[in-house]
Structure formats: C-alpha cells, structure tokens
Amino acid sequence: MGDTPVQEMPQDMNDKVCVITGGAGSIGLASARRMYDAGAKIMLVDLSAENLATVANSFDDADRVAICQADVSDTAQTQNYVAKTVQKWGKFDVLFANAGFSGISAPITNYPDEIFDQVMAVNVRGSFLACKYALPEMNDGGSIIITSSIMGVTARPGSIAYITSKHAVIGLVRGVAKESAPRNIRVNVLAPGPVDNAFQLEIEERASKASGTNVTEILNNWISLGRHAQPEEIANTAYFLASDQSSFSTGGVFMADGGMHI
C-alpha cells in the first residue's frame, strides 16, 4: 500500500486580503495561518515589532505576508496600518480586530483608573478605530470580525475593566453591522472561552493568586467540554466568519467557549 495522500487545503480565500491585529499572539497567528493556507494575503499588526518579525519569518511565501507595528488605540498608527495594507495589495476583504489587553484582577473599589482606561483604549477604542478607518478601504462583500470573550456575555468578580470592554465591543459590532449591511460587509463577534495560551495563563495566574484557588482547574470544571481551547480551534471559527461560508451572518455573537456560557 502507498502512503496516504496529503489533503490540500481548499484555496477558497485565494487573493483575499486580510488585516489581523494582535497578529503575533496565538489566536491572531493561528487565524493568519488558517487564512494564509486558504490562499489569503495577510497583514499582521501587533504592538511588538520583535514578535511580528519572528512570526512573519515562519511563513513560506513572503509576498503574501506583511507586518506593521502599531498601538491599535492610536489614531495615526491605525491609519498607518490600513494605508500600508492598501499600498501593498489594494483594498482588503477581511478585518480581524483581535488585539486585546486584560488589565489586572481587582475589585472595582480598588481598580486603578489608569488601568481601566488602558483596557478600554485597546479593546474598545482599538476596535472602533479599526472599523472607522478600515471600512472605506474594504471591498464590498467583505467581513469584519471583532474578538470579544466569554466575558462579553457573562461576568465574574475582579475583572471589571475587561468585562466592560468585552460587552462594549458587542454593541459596537451590532451598530457597525447595521451601517455596513448596504455594502454587504458582514460584521460579527468572535467570543472565545479560555484558551491554552500565554494571554489566558497570565489572567489565570493573577486570579489564582488573588483568590487562593486553582482558577485553571475551576474553569475547566465550568467548561462543558472540560478543557481549554487550542488556538487553532478559535482560528477555525475566525476563518468561518472571514470566508464566504458565513455569507448570511452579520451582527452575531459566535461563541467558541466549549459550552462555558450555557
């Protein structure tokens, strides 16, 4: 018997141009790889220039991947990553506003004002700016995805800034979806539960220290499927929303939380 043939990824995003913020993080990078494997051209945006350079070198075709360092909460830097994308490939088809900041773990009465403002700046203002400046440079029929969280549809003590920001982006998506519908641009929320990555581990370590409990174990008990997600599993949902497979979905909140919210 011969070797089992390798199944090739369908090229159903061939020549689509995708902008992904938080692109050097685990979910952003896994989503970039998923779209890249389907034929897309990818602009990776992240706060860390060093991390961007490292991940960009991991792609085979340098002509289909570009990078841009940016603070997504800054207007000029947002305009810059949009402009660089258009300069390289023309108008784009997908915006995945995925950059995020978790803040700290503290009750509201002790929560630092400046950290609250920083969380809102990255998670809410960053998503607002992405939509504001990307939409004029997007092709009709495109897709916008904004990362919220399980904390966008529920709550827990000690994470007031993060919870507020992740609820807020759901309202942002619903408003932008209404405005973008005449151009057939779909706008949806991707709401992951706990993911097995450094971002989530930092949150859980802080919460465990503050509460004196094993928060990772507690979360796994709350998740119906009994475990954290792998970044590639979240990327599969991002890919669905980016591709034409979700052609009749807009203004929605797509949970990828292993049943944690039910």
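Note that the chain, at 10 °C in a medium of 1.306 mPa s, gets a Stokes-Einstein diffusion coefficient of 85 µm²/s from its Kirkwood radius over C-alpha pairs. Sorting the segments 151-157, 191-197, 239-245 by their residues' average number of neighbouring beta-carbon atoms within 10 angstrom, most packed first, yields 191-197, 239-245, 151-157. Between rounded, prolate and oblate, where does segment 108-190 land on the alpha carbon gyration tensor, with a ≥ b ≥ c its root eigenvalues, rounded for a/c under 1.5, else prolate if a/b exceeds b/c? Verdict is prolate for segment 108-190. Rounded to the nearest 10 degrees, the angle from helix 160-180 to the longest Cα principal axis of the chain is 30 degrees. The average projected area of segment 61-160, computed from the convex hull of its Cα atoms over all directions, is 7.8 nm².
Cα centroid distance between segment 120-167 and segment 201-232, in Å? What the calculation gives is 23 Å, centre to centre. Lys-Lys pairs in the chain that are eight or more residues apart or on separate chains and whose Cα atoms lie under 22 Å of each other come to 16. Neighbours of Gly252 by Cβ distance under 10 Å: Lys/Arg scored +1, Asp/Glu scored -1, total +2. Measuring nothing but how far apart in sequence close Cα pairs (under 8 Å, 6+ apart) lie, relative to its length, the chain scores a relative contact order of 18 percent.
Annotation: peptides 160-171, 251-262, ranked by per-residue average of other Cβ atoms within 10 Å with the highest first, follow the order 160-171, 251-262. Under the criterion of Cα pairs below 8 Å and six or more residues apart, the relative contact order for segment 186-259 equals 56 percent.
Note: relative contact order over segment 133-262, using C-alpha pairs below 8 Å and six or more positions apart, is 33 percent. Among Tyr111, Tyr81, the ranking by other beta carbons within 10 Å of each residue's beta carbon, starting with the fewest, stands as Tyr111, Tyr81.
Computed from Cα positions, the angle between helix 26-37 and the longest principal axis of the chain comes to roughly 20 degrees.
Coordinate-derived values only; no laboratory data. Fair warning: this is a prediction, and the values are worked out from it, not measured in the lab. Counting neighbours? That spans all protein chains shown, and the Cβs are built from the backbone with ideal geometry, glycine included.
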